[in-house]
Amino acid sequence: MESSQPSPRNCCGICRATSYRKVIARDASGAMRTTEWLRCTGCEREFLDVQSWRQGVPRVDAPPEVDK
């Protein structure tokens, strides 16, 4: 018999972790700032946005510019 326990809607599409955090990177002046990218607290992969995190589509390009 299959388990009927639903998976959380708000979870990583890869590892099922239920939280993420903003990616922090250095800006052009060398200061540490938050970016728009998200990093899963479970699998540590980075995502473009919450939808990508939920769908399990990690980013594959260069890190974004940080907000100034």
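Some points to look at:
- Residues (part of a loop (DSSP other than H, G, I, E, B) and touching a residue at least 24 places away in the same chain (Cβ under 8 Å)) located in the range 49-58: Gly56, Val57
- Filtered residues of the range 23-48 (kept if in a strand (DSSP E or B), open to solvent by 60 Å² or more (accessible area, probe 1.4 Å) and not β-branched (Val, Ile, Thr)): Arg26, Met32, Arg33, Glu36, Arg39
The values are calculated or read from the model by the stated rules, or taken from the named source; none is laboratory data. The model shown is predicted, which means the values in this text are computed figures rather than measured ones. Cβ coordinates were reconstructed from backbone atoms using ideal geometry, including for glycine residues, and neighbour counts include every protein chain displayed. These accessible areas exclude ligands, DNA and RNA; they are computed on the full protein's heavy atoms, side chains included. Shrake-Rupley method; radii C 1.70, N 1.55, O 1.52, S 1.80 Å.
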